[in-house]
Each structure stands twice: as structure tokens, then as C-alpha cells.
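What follows is a set of notes on a single structure, which appears directly below.
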Amino acid sequence: MCRNSLTSALWLAIAGLCLVAFTPSASALPSYARQTGDSCSACHVSAFGPQLTPHGMAFKLHAYAESTGAWTPPVSAQAIVSYLSTSKDNPASEGEANGNFKMDELGFFLAGKIAGPVGAFAQVTYDGPGHVWGIDNVDLRAAVDTEMDQTPVVLGLSVNNNPGVQDPWNTYGPWRYPFNDSAFAIGSIAAPLIDGGLEEQVIGATVSAFIDSRYYVEAGVYATPSDGFLDSVGVAPDEAAKLDGAAFYARAGYQRDWGKDNMHVGAALLTANLSPERDSSLPSDSITDLVLDAGYQFLGTRKQIVNVQGAYTYEWRDLKGSRFVGDADRASADLQSFHVDASYVYDQTYEAVLGLNAVWGSSDAALYAPDPVEGSRTGSPDTTSVSLEGDWVPFGKDDSYGAPYANLKLGLRLTHNFTFNGASSNYDGFGRDASDNDSVLAFLWTAL
Amino acid sequence: MDRALIVTLALLTAGALTGPAAEAGDPEAGMDAFATYCADCHSTSDDMKNRKGPSLFGIIGRKAGTVPGFEYSDANKATGWVWTQDQLRSYLPNPRAAMPGTKMKFDGVPTGEEVEDLIAFLETRK
């Protein structure tokens, strides 16, 4: 079994490399580059996504629909292959040896202009380890340019399945660092709802306005689709979160772009009621996330780029529902998170990223219970880690080999955990230390 | 006095009389300014590649709105301008004010010096 997946991953890697090497005529989503005539490096820091420049942000807010006028097929594909090694084996990963070489994802995208001012970023992904196809992040948008007293305004509509996937910045939700992970990464016990808690399990619509390229405001609602719908898009209904009523999302940001450099500050709000055990007759949990975020980019002539960004999230929790079913001891609780990443990019090709991640909040022995590897001995969610990543992005520039088809990112990420699920030693109650989850991740990411 | 010196002096006087001549731009600095402000949307390579904006290869002296295969705004096509150095000087500091209705979404080149450097650079791309 293990040997099989290793060989198939190897074959995929080879196939991926062949695609990269033998296709004529770069980017996170190469179909965007083909459509706009822009190089990937115009929209992305380091010629490979997802981190956006203001130019990339404008393209997203214009519904991925700007083009040179000539039609190009709005389709792209990507594959991510990775090798993860954790300091100590994960006994919970039944029979999977440590040091896994895995095809994490194979994804196809409908990405680009659909018609007029309507465009898409819609991903269907094959989850390698899970061997299933399923809908991934989807952001369908429409946008119009208008003016208010001679001030340019971009009005937008987004229909999406993950609060934050439509956001123009890279500080929370699906687009924050780290941008990819091994399917075998050991996740910590708690994260704010806005950091992926609803991804692919909801459908929502938001409207936005970007005024004078400075002020961004957005608001919208999300709801849980029917089980049949979830099933049909490859999301297991019994594992999906269930919203009780609609969730509300709002976002505001202020950006300044001076050409050479730019900055933003912002805030986001998500409020949701969730039914425990997906049973809407039970009392529900109420969750409210407030995110404060900021970022600074020095772009200059694009020869040397510095990018620093971060977000702090406060989550108010009223866990009546979880307490009712015995999953939590206390109803009133909180969870906080802070993450920041700083990167330096040389020649849009070599990148070094330093990231800090911290999650902490009120303790609860029922919610955070002891369990091998994934649990908590102390009933506390506190986790703090640092990571250092180095990437090489050989293509994706204007004059690159194979532009705009050949795209490749090779990365190496070292992660160290100071505390994990509430402690640094014997954090799970079964003798595992936080540093046993330290990891080395090597990955190869290609896009076509 | 030797002749060259007389000519130089005469030119300097004429320069002084006709007002401050714009200081000639530096094409090297212009290349950097182009990378900073324009290259996201424009290419100056000789294959006339269009991006979000039309190719700027050979732009100086060309009639506005005439790069083949690029969908210009009506505003741009209607100007009837020729992109002389002076036309660029009046356009680049604030394109939307100079050409209301243009679809070039760019706020303008911040300093006069950078405008001169850009023009010097664009002069080399033809």
C-alpha cells in the first residue's frame, strides 16, 4: 500500500515535471496570465501565488475578468507533491510510515473570465491520501467600475463557499501563510472559525465596494446547503459543520499603494450559530470572530521584495450546544490567535519566509480532552510555533522559459513547536512532546 | 574665444531665455521607474505583446489607440493624440485627469524627474 502510493506519487511528480518541461510558451493560475497577457509576477509576489500584489488584488476585485480582449480558455491545473517528516512518528496515522512522500492535491480550475464582467476562481481537487474528488475553494464574481463624484469605485459581488476566500489580502482564511501543507501534518486542536472552520461546507454571497483604490467594504451572509448538495460536491455531510440560520460576514480595509510600496490595515467579522451534532433541534453554539489585520509590501522595481503581514483574531464563544451534548464543560469561552509572516523575495525567484503562529484561549477539559497525538492533557488549546521556509520559483516571469505555461515552486519548510495543545512536554497525556511534532516539509508545486 | 565656446554660451543664453529646459532624463533610471510603475500592465518588448495595457514598444511618435489587437477605451481612441514627449509629460502625472474615461487604472507618476526618466527610457525602446 505504502509502496504503491509512493510509486504513484513519483509518477505524478515525473508527469508534473514533464508538463513543465515540454509545454511551449507563467503563474499561480496560469490561465489568468494567458488571459491578461500579464506575467504571474505582476500579480503575485514571487511569480507564484497565492500572495497578491495590488495589481493582483485589482484583478481579483475586477472578478478575474480583465483581459486583453482575445479569448483564452479559463482553465488551469495544479499538482502538489510533498514529503513530510515529523521528529517522531505519528502512531495515530495507521500504518503510514513517517516520512511520507505524497501527492497532496491534484486540482483543476475554472479560472478566468466567463463572460463580460463575470469571472471565476473555482477549484476541484483530488485529495491524494483520501482518494476522493471534491469541490475546493470557489469564488464566482461579478464586478463593475463606476464613479462616485469622480472617485473610481469597483462594485463587486461574490458567491463563494469559504468566508475569506474572496478577500483581496492574504492575512486570514484560506490565503494566509503557510499556503500549503502536507495532508499528514498534525493539526493543533483549535483554530478560530474564520480560519477554515466553514470551508466548502457553506454557500454565501457578499457584496463589496473598493473606493478610490483605498477603502474596501464588504458584507454578506452564508448558509449550510442541503446534505444532498454537499454530497454531490464531494463534501461528507456528516463531517460538515451545520449552521443554525445564516452566518454573517463583514470586512473593511484601508489600503495605500504608492507604486514602490503599499500597506493595508483592516478588520473582519464573522458571526455564526452552529448546531452540535448537526442537530438543529438542540441549542446551538454562537461564535463571533473579530480579525484585525495589517500588511506592508515593498515592491520597488520587483528585484527585491519585502512583505510583512499578520492578523490577530479574537473569538467569542458561547458553547451552550456543545455543553448540552457534553462536548464542552463551559459555555462561555474565548479563543485567540495571532500569526505574522515576513518574507524576502529576490528577483521574483528566491524566497525566504519566517512565520510565527500562536493560538490560545480558555481551557476546557471536555472540549480539549487527552487523546494520543491530537488531544490535550491540560485541557488547553495553547499552541505556538515558528516556521522557516525557503522557495525556489524558477519560472513565471515575463521572459521565463515556457511562459505562461511552465510554473513550478520548490519549497522546504521547517516547523518548530514551542507548545502544542497546551503544553510543551507530554502535551497529549500519552507522552508526546510539542517538539515531537516538529517537521520538515519538502514540496513541489506545479501549475499549468 | 574659440568657436565652440561661443556656440555653447549662445545656446546656454538661448536656453536661459526660453525658460528652464527640462533636464534630460536618465534612461537607466527610467527602466527602473518602468519596472516600478508600468511593467505590471505594459511590455516594451519588440514582439508588440499586449497586457492589461497595450504594448509601449515604439510608443513615442505613435498615434494614440493604434496598437493592433488591443481593445482601447473610446476615450483613448477619440483623443487623436500623437504620443510625443510633451504629450507624455502632460499625461503621465495624472492619466485620468488628462484623459477622462481612460481605462488605464493608474494614479500617475509621482515626480517630474521620474516622468523625464521614463520618457528617456521609452525613447530607447523602438
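For the stretch A:42-81, a reduction of at least 40 Å² in accessible area between the chain on its own and the assembled protein chains (probe 1.4 Å) is found at A:His55, A:Glu66, A:Thr68.
Once the Cβ-Cβ distance of A:Leu388 and A:His131 is raised to the sixth power relative to R0 = 25 Å, the FRET efficiency obtained is 0.20.
Name all residues of the stretch A:149-176 having a backbone nitrogen under 19 Å from the label point set 7 Å from the Cα of A:Asp212 along its Cα→Cβ direction, giving them as ranges. Answer for this model: A:149-156.
Please give, to one decimal in nm, the separation of the simple spin-label points placed at A:Val265 and A:Glu374, each 7 Å out from Cα toward the Cβ. Roughly 4.0 nm, to one decimal. Think of a 1.4 Å ball rolled over the protein heavy atoms: the protein assembly as shown then has 43 Å² of accessible area per residue. Taking all Cα pairs closer than 8 Å and separated by 6 or more residues, the relative contact order of the stretch B:25-124 comes to 38 percent. Counting helices only, and only those DSSP H runs with n ≥ 4, report the 222 nm mean residue ellipticity of chain A as the sum of -39,500 (n - 2.57) divided by its residues, in deg cm²/dmol to the nearest 500. That comes out to -3000 deg cm²/dmol.
Among rounded, prolate and oblate, which fits the stretch A:248-338 when a ≥ b ≥ c are the square roots of the eigenvalues of its C-alpha gyration tensor, a/c under 1.5 means rounded, and a/b larger than b/c means prolate? Verdict is prolate for the stretch A:248-338. When the surface is traced with a 1.4 Å probe over the full set of protein chains, A:Glu199 keeps roughly 70 Å² accessible.
Interface burial in the stretch A:300-323, defined as at least 50 Å² less accessible area with all protein chains than with the chain alone at a 1.4 Å probe, covers A:Thr301, A:Arg302. Placing a label point 7 Å from the Cα of A:Gln150 along the Cα-to-Cβ direction, the residues of the stretch B:95-120 whose backbone N falls under 15 Å from that point are B:95-102. For the stretch B:25-124, the share of accessible area belonging to carbon and sulfur comes to 54 percent (1.4 Å probe, ligands and nucleic acids excluded). When the alpha carbon coordinates of the protein assembly as shown are projected onto the principal axes, the ranges are 99, 51, 44 Å, largest first. Most tightly packed first, judged by the mean number of other beta-carbon atoms within 10 Å of their residues, the peptides A:437-444, A:274-281, B:40-47 read A:437-444, B:40-47, A:274-281. Panel note: contact residues of the stretch B:42-82 (accessible area lowered by at least 50 Å² against the chain on its own; 1.4 Å probe) correspond to B:Arg51, B:Lys52.
A Cα-only calculation for the stretch B:25-124 places Rg and Dmax at 12.3, 34 Å. Solvent-accessible area lost on pairing B with A (1.4 Å probe, both sides summed) amounts to about 1600 Å². Modelled spin labels at A:Ala236 and A:Val306, positioned 7 Å past Cα toward Cβ, are 4.7 nm from each other. Within the shell of other residues whose beta carbon sits under 12 angstrom from the beta carbon of A:Ala328, the net charge comes to -1, with Lys and Arg scored +1 and Asp and Glu -1. Compactness ratio for the stretch A:312-399: Cα radius of gyration over 2.2 N^0.38 Å (N = residue count) comes to 1.61.
Shown for the stretch A:321-371: the carbon plus sulfur share of the solvent-accessible area, taken with all protein chains present and a 1.4 angstrom probe, equals 57%. For A:Thr288, the shell of other residues with beta-carbons less than 9 Å away shows a net charge of -2, using +1 for Lys and Arg and -1 for Asp and Glu. In this label model, B:Gln85 and A:Ser425 are separated by 7.5 nm, measuring between points 7 Å along each Cα→Cβ vector. Taking the stretch B:84-126 on its own, what percent of its Cα-Cα pair distances exceed 11 Å? Percent of Cα pairs beyond 11 Å in the stretch B:84-126: 64.
The values are calculated or read from the model by the stated rules, or taken from the named source; none is laboratory data. Computed from a predicted model, the values in this text were never measured in an experiment. In this analysis, Cβ positions are derived from the backbone assuming ideal geometry, glycine residues included, and neighbour counts consider all displayed protein chains. Calculation scope for accessible area: heavy atoms of the full protein, side chains included, ligands and nucleic acids excluded. Shrake-Rupley method; radii C 1.70, N 1.55, O 1.52, S 1.80 Å.
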